[in-house]
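The next block holds one structure in the form of structure tokens; read it before the comments.
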Ligand SMILES: [Zn+2]
């Protein structure tokens, strides 16, 4: 397809996250926390090939964002990986597959400047999700009909800082976490320490996601065309609860024209195409 900028969440849950962003010449992944066979198949469905990816950008070191078999596959195809400098030492310590090939310049470090990959430009911004070395969201910029369009992906946030709000504002497509329903988390059989870890430093609840979207949109000059609700907990949430919470808040504030999309653990989201 010519003259488009598209996003598809290939899969999103605590067992694996990866999002594809592409136009007619350039394709990237944000995170590679799903297996290589699955990612390959889903990319093919989108008309993309894993071996043609221009780069893979890591948000943080948790294992639902870095699949070692996929890392080896990416390396085999000479696909460069990128991560913010703060998380590099932690990645190398945790993942043998990355440390082994680091000397071949497979892993590239991002230092506060945008990465230009062919026709896409990628910017990292920090979010407070608790992970060694920190956690990052990404803005991806591409040109369409002479105008710059922005896609923002942040699947693990914990809370939404003023800086993250500014980075995500004015995006055409936003992938944001809506991890748990507060009542379902409370009623779950999970130990108190785990509940507390999810609430503080872990993830955004549906209500926090909805509130964050309102704050992001209040700072934006444009309404996003699409929002995808990601990292939806299978034990403490449902896609319906997540959708109802964010969509009803947006509709109430006159922002009901934005399409709110579901994501799934092992099934791709709809393709979100900016035209
Ligand atoms: Zn995480």
Q) Only one residue in 6, 97, 85 is farther than 20 Å from residue 202 by Cα, more than 15 Å from the ligand (Cβ to nearest atom) and touching a helix residue (DSSP H, G or I) at 6+ places or on another chain (Cβ under 9 Å). Which one? A) 97
Q. For residue 178, are the conditions met, namely being buried (at least 22 other Cβ atoms within 10 Å of the Cβ), touching a helix residue (DSSP H, G or I) at 6+ places or on another chain (Cβ under 6 Å) and in contact (Cβ under 8 Å) with a residue 24 or more places away in the chain?
A. yes
Q. Can you find a residue in the stretch 44-54 that is assigned to a loop (DSSP other than H, G, I, E, B), within 15 Å of the chain's Cα centre (by Cα) and either modelled with pLDDT of 95 or more or within 16 Å of the ligand (Cβ to nearest atom) (or both)?
A. no
Q. Under the condition of being in contact (Cβ under 8 Å) with a residue 40 or more places away in the chain and more than 18 Å from residue 139 (Cβ to Cβ), which residue from the stretch 56-69 is farthest from the ligand (Cβ to nearest atom)?
A. 67
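The values are calculated or read from the model by the stated rules, or taken from the named source; none is laboratory data. None of the values given here were measured: they were computed from a predicted structure. Positions of Cβ are generated from backbone atoms using ideal geometry, with glycine treated the same way; all protein chains shown enter the neighbour counts.
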